[in-house]
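Bear in mind these aren't lab numbers, they're just calculated from the coordinates by the rules spelled out. No experiment lies behind these values; they were computed from the predicted model shown. Here the Cβ is made from the backbone with ideal geometry for all residues, glycine too, and neighbour counts use every protein chain on show.
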Amino acid sequence: MADCSIETLQRLLREILEKDESNLGVPLKIAEKELLSKARERGMECSSEMVEKAIQTLLDDWTIDKTLAPLPSELEEELNLEPPGPFWRLKILTSEEQENYRSLSPVKKALIRILRERNEPGKRGEIPIKEAEAILSVQGFEEIPQYMWVKDTVKTSFGYEGEEVVDYYFLVQEHMKTDEFKKYEEEMLDKHREKQRWRIDLMEDSEEKAKKEDGN
């Protein structure tokens, strides 16, 4: 058996990801298994650690992306993944996407890397903003912008811990980046705005009616 080559593993991984037609990325566990299999076919004996290193190098170079998306329950069980999802996937980046990532500020790149390491079931790719700021500070960042945002990649949200409201950063799931989802999201927002306007109009009508009754 030949020695394992990181460069060859990277080339094989790119080939695997380039063949994906789902637009959601290849599930991480499947990509790792295919990569090991293709390496053996070429007479290379590679460890799981070498595969992880090849993947990480391409992630750090912004050649590929580590993203999130749901998986069918049958596939979850087959891959022995701990629910609930979403689950990690690897996706090849276009030249334009690579350039967009590489042009980000160092602190935003660091935030994305932190989010990629968050692996709690049901909260993969999420971190409380205060915790993220503390980690970034330890990494040496002195000026950390409030509520960072990266188009189609990082957004903010909030949740509850007990009675406390906690702000979060989260990685945008792949299906949320589609035109169909964005259209649906905009439609839901329009309905919410319409309902709010209806409530405001109702309150104003009630106040106007009360004033007239007081005047009489």
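Of note:
- The chain - charge dipole about Cα centre, Lys and Arg +1 at Cβ, Asp and Glu -1, debye rounded to 20: 420 debye
- Calculated FRET efficiency for the pair residue 3/residue 151, C-beta based, R₀ 25 Å, to 0.05: 0.05
- Rounded to the nearest 10 degrees, the angle from helix 28-41 to the longest Cα principal axis of the chain is 10 degrees.
- Residue pairs, from the table 66/195; 29/195; 29/108; 130/195, whose Cα atoms sit over 32 Å apart: 66/195; 29/195; 130/195
- ³J(HN,Hα) computed for each position of the range 45-57 - Karplus, 6.51 cos²θ - 1.76 cosθ + 1.60, integer Hz, glycine/proline x: 9, 10, 8, 4, 5, 5, 4, 4, 5, 4, 5, 4, 4
- Note that the chain carries a Kirkwood radius of 20.3 Å, evaluated over its alpha carbons pair by pair.
- Once C-alpha pairs closer than 8 Å and six or more residues apart are averaged by separation and normalised to the residue number of the range 1-60, the relative contact order reads 50 percent.
- Relative contact order [Cα under 8 Å, 6+ residues apart], the range 104-177, whole percent: 30 percent
- Rounded Å value of the spacing that divides the Cα centres of the range 32-110 and the range 128-154: 23 Å
- Backbone HN-Hα couplings from phi across the range 140-154 [Karplus 6.51/-1.76/1.60, Hz, Gly and Pro as x]: x, 7, 9, 10, 10, x, 7, 6, 5, 9, 10, 3, 6, 9, 10
- Here the contact order of the chain, divided by its residue count and restricted to Cα pairs under 8 Å and six or more residues apart, works out to 16 percent.
- Estimated FRET transfer efficiency (residue 22, residue 49; beta-carbon r; R0 22 Å; 0.05): 0.20
- Segment residue 82-residue 123, length gained on full extension (0.36 nm per residue, minus Cα span): 13.6 nm
- Degrees between helix 179-215 axis and first principal axis of the chain (Cα, 0 to 90, nearest 10): 20 degrees
- Within the shell defined by Cβ-Cβ distances under 11 Å, the residues around residue 46 carry a net charge of -1, with Lys and Arg each +1 and Asp and Glu each -1.
- Scanning the chain for trypsin sites (Lys or Arg not before Pro) in DSSP loops with at most 15 neighbouring Cβ atoms within 10 Å leaves 43-122 as the longest stretch between them.
- Exposed-loop-free span, longest in the chain, where chymotrypsin sites (Phe, Trp or Tyr not before Pro) count as exposed if DSSP calls them loop and at most 13 other C-beta atoms lie within 10 Å: 1-146
- For residue 103 and residue 134, the difference between the fully extended length at 0.36 nm per residue and the C-alpha to C-alpha distance is 8.8 nm.
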